[in-house]
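Asker: Handing you this structure, nothing more for now.
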Amino acid sequence: MVNHKSLGILFIVLVTSISLTSQDIQDLTLEDLLDVEINTAAKYDQKIDDVPAPVHIVTAEQIAQHGYQTLEDVLNTVPGFYSTYDRNYNYTGVRGFSRPSDYSNRVLLLLDGHKINEVYYGSMDAGRLYAGINLKSIQRIEIIQGPGSVLYGTGAMFAVINLVSKKGNEVNGLQLGMNMGSFGHLGADFTYGKEYQSGLNVSLAGALGKIKGQDLYFAEFDDPATSNGIAEDADKEDYQGLRFAVNYGGLNVQGMYTARRKAIPTAAWDMIFNDGRAESFDTFGFFEILYAYELQADKTITSRVYYDDYYYEGIYPYEEVEEGAPYAYVWKEKTATRSTGIESRLLWDTGSNNRFIMGFEYQMAPKLYFKEWDEWGSGFDANNEFTVLSVFSQDEYQITSNLAFTGGLRYDDYSNMGGFITPRLAAIYNFSKTATMKALHGVAFRTPTTYERYYEDLSYGYKNNPDLIQEMITSTDLVYLNRMTPSLLFSAAIFHYNMEGVITQTIDPTDGNIVHKNGERVASSGIELILQRKGAQKLPGYLSYSLNHSRELDLDEKLSNSPSILIKAGTHFQLLDKFEIALDLRYETPRRTVYFKRSKSVFLGDLALSSSGLHNRIKISVKVKNLFDVQYGHPASWEHRQHFIPQDGRSIQVGLNYNFSIGS
């Protein structure tokens, strides 16, 4: 159980530490942070104050200081975000919403503006699936909360996350890294970048690793016939990836390939328990060419073409009994997708107080293939396809010197489900140079995935539903920002959203088959309070409090996998002019499972120690996750016999990085 008295003392100490002084801390000032121009929210550069949405920025400095290794590490420090790990995939929840096994398909992930969510399941993984990105090669992470479908289409319901990579001149050398740690984790990574005299920028990054994993105990399988509930050598993980980018003038070319193989220790979907053959294997790759051309001083056209490729294969060992004799077999399934598209948009400054953007995107997915089989034959085996034509526009109008209005509209026409319109409205009012109010009201959508609409295997009780339509969310935000001092920023957000037609897997009472249906309605209201200190003369830190009240309206029940309260805090400081220490703390209240069980409240801490003054080329780092060795679990889903999936205890990771500078 959590010692709430200790919890309170720790947070008081941390909040107090925010006001302490610190010498020679290398960090962005608050003014620097607010001057950072981001382009995720509008597809053109804006300062944070001008973005009509809640915005969170995580910089390269923060990633290095806190030793963040995965996107999950980063998001666990962002207000309103939380994670779920079923020891196969990582899932991201926002503002109290994360449906079990939804593959995070209501959050959109971008790499330099390119969508990473694949087109079959709509999935986004915050773990090591995208190892090729390598967080050490990321300049900043832009996180825009709220509906983003007007500019990005399907899936941008709760947030759009853009990983902005370092350009060649921001690396200017070769950085090599090696790490080893708990659970037999061995890894290596590199980042290369250079700007040539011609203006050509080249960057390259990659990572690979292997994790032996750990033996795990599951009480639900505690029987001599199932190895007393212990899954041995069934938690392995391998990952690898490579990414590149070339920039020259208005031309940008980028691509990525990444792969991950993960053993499944939970015996999900009634597999044989403690069978090391159970695993999932995913690969994702893309290639994109983008060109921005300035027609006139006030008009710029940006166009891009892209190709995406995704492959998945699952291996599931089963045991059946026939005529009194048991026999084992392996069931396999695979997904292979290919999609390509083109987008073009015009940015037009129609006047000194008005900026207008309009564009279109056409996407083709000719290969959406799924097959399942065993040694005796095939089950579901089908290829689907779709095309979608989208047109969008958004106008930002500065009504007065301190009042701006933004309105946007999008129309999507899907070949397999027709067309629909998505609107968004926002206003920003500056009370003064230090205080800003933002109001946002918008609609976003998620189209049903190919799996949800078309998968069918009646022999196992699953049937398709080609009549599924899109989910819709209507969201309203009111955000207040106040620079209380030159180094202290306070922000508060009040939000409410309603979701209609939420796609849910259920049992059809007419035939007893499992089917996906548009049926569930969800509503949530909440607040987010954030205090952030930046600057070289004060010890930097953050403190946030998030509260949501999320319910399934038809059942009048609290939403499953939805913690009502999240409290997060962190800081970093320098020690003896040689080392940097960073601390991240988070607390969450219980979550309900799909089986109506409740988890315990949990208080977690991560500690990072890195050398900053030992050598100008060598950096040694130590990362301790789950500092207090808390034993806890995340809610399981319908495919699990377990109610909770155990998470990792305390783990330690040691890293060594070496920087090579490269001349011009």
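The values are calculated or read from the model by the stated rules, or taken from the named source; none is laboratory data. Since we're looking at a predicted model, the values are computed, not measured. Every residue, glycine as well, gets a Cβ built from its backbone with ideal geometry; the counts of neighbours run over all protein chains shown. These area figures cover heavy atoms from the full protein model, side chains too; ligands, DNA and RNA do not enter into them. Shrake-Rupley method; radii C 1.70, N 1.55, O 1.52, S 1.80 Å.
Asker: Using only alpha carbon pairs under 8 Å that are at least six residues apart, calculate the relative contact order of the chain and give it in whole percent.
Answerer: 13
Asker: Which distance in Å, rounded to a whole number, links the C-alpha centroids of the range 355-390 and the range 434-472?
Answerer: When both Cα centres are located, 15 Å separates them.
Asker: Not counting ligands, DNA or RNA, and with a 1.4 Å probe, what is K115's accessible surface area in Å² rounded to the nearest 10?
Answerer: Using a 1.4 Å probe on the heavy atoms, I get roughly 50 Å².
Asker: Calculate, for K433 and V330, the FRET efficiency according to 1/(1 + (r/R0)^6) with r their C-beta to C-beta distance and R0 60 Å; round to the nearest 0.05.
Answerer: Details: r = 66 Å, r/R0 = 1.09.
Efficiency for this residue pair is about 0.35.
Asker: Spin-label point model (7 Å from Cα, Cβ direction): what's the Q631 to Q139 distance in nm?
Answerer: Using points 7 Å along Cα→Cβ, the separation is 4.8 nm.
Asker: Follow-up. Hey, for a label at D457 modelled as a point 7 Å past Cα toward Cβ, could you say which residues of the range 355-377 have their backbone N under 17 Å away?
Answerer: So the set is 369-377.
Asker: Now for a different question. Would you mind calculating the gained length between K600 and I469 on full extension (0.36 nm times residue separation, minus the Cα-Cα distance), in nm to one decimal?
Answerer: 43.5 nm
Asker: At a probe radius of 1.4 Å, what is the per-residue accessible area of S610, in Å² to the nearest 10?
Answerer: In the full protein context, S610 sits at about 0 Å².
Asker: A follow-up question, please. With the cut-off at 1.5 for a/c, could you classify the range 386-460 from its C-alpha gyration tensor as rounded, prolate or oblate? Each step should come with its number before you reach the end.
Answerer: Working: a/c = 6.10, a/b = 2.65, b/c = 2.30.
The shape class here is prolate.
Asker: On to the next question. Return one whole number: the accessible area per residue of the chain in Å², for a 1.4 Å probe.
Answerer: Accessible area per residue: 42 Å².
Asker: Next question, about the same structure. Which residues among the range 632-664 fall inside the zone where the amide N is under 18 Å from a point 7 Å beyond the Cα of R617, along Cα→Cβ?
Answerer: Within reach of a label on R617, which here means backbone N under 18 Å from a point 7 Å along Cα→Cβ, the range 632-664 contributes 656-664.
Asker: Going by amide H atoms built from the backbone, whose H comes under 5 Å of the H on G379, apart from near neighbours?
Answerer: E372, W373, D374
Asker: Set the Förster distance to 22 Å, then compute FRET efficiency between L555 and H496 from the Cβ-Cβ distance, nearest 0.05.
Answerer: The calculated FRET efficiency here is 0.65.
Asker: For the chain, what is the mean residue ellipticity at 222 nm derived from helices alone (per DSSP H run of n ≥ 4: -39500 (n - 2.57); sum divided by total residues; nearest 500 deg cm²/dmol)? Provide the component values of the computation, followed by the final result.
Answerer: Values: 7 runs with 45 residues, N = 664.
About -1500 deg cm²/dmol.
Asker: For the full complex of protein chains and a 1.4 angstrom probe, list V202, V160 by accessible area with the highest value first.
Answerer: Most to least solvent-accessible, the answer reads V202, V160.
Asker: For the chain, which whole percent of the accessible surface, found with a 1.4 angstrom probe, sits on carbon and sulfur atoms?
Answerer: 57
Asker: Hey, another quick one. Quick one: accessible surface of K600, probe radius 1.4 Å, all protein chains present, in square angstrom to the nearest 10.
Answerer: The accessible area of K600 comes to roughly 140 Å².
Asker: To the nearest 0.05, what FRET efficiency results for A225 and L575 with a Förster distance of 45 Å applied to their C-beta separation?
Answerer: Result of the calculation: an efficiency of 0.25.
Asker: Under a 1.4 angstrom probe, counting protein chains only, how are W373, W638 ranked by accessible area, largest first?
Answerer: W638, W373
Asker: Modelled label-to-label distance, F356 and S401, 7 Å Cα→beta-carbon offset: nm?
Answerer: In this crude spin-label approximation the distance works out to 2.7 nm.
Asker: Further, regarding this structure: Between the alpha-carbon centers of the range 96-122 and the range 275-340, tell me the distance in whole angstrom.
Answerer: First find each Cα centre; the distance between them is then 13 Å.
Asker: Let me ask something else. Give the ranking of D606, D467 by solvent-accessible surface, highest area first, calculated with a 1.4 Å probe.
Answerer: Sorted descending by solvent-accessible area, the residues read D467, D606.
Asker: For the range 541-624, just say rounded, prolate or oblate: build the C-alpha gyration tensor, square-root its eigenvalues into a ≥ b ≥ c, call rounded for a/c under 1.5, and beyond that prolate if a/b exceeds b/c, oblate if not.
Answerer: Details: a/c = 4.52, a/b = 3.28, b/c = 1.38.
Verdict is prolate for the range 541-624.
Asker: Here's a follow-up. What pairs in K43/K262; K47/K619; K517/K597; K167/K619; K371/K625 have C-alpha atoms more than 28 Å from each other?
Answerer: The answer is K43/K262; K47/K619; K371/K625.
Asker: Follow-up question, since we're still on this one. Classify the chain from the C-alpha gyration tensor, please: rounded if a/c falls under 1.5, else prolate or oblate depending on whether a/b exceeds b/c.
Answerer: Judged from the Cα gyration tensor, the chain comes out rounded (a/c under 1.5).
Asker: Multiply the residue gap between L656 and A382 by 0.36 nm, knock off their C-alpha separation, and tell me the result in nm, one decimal place.
Answerer: The L656-A382 span can extend by a further 93.9 nm.
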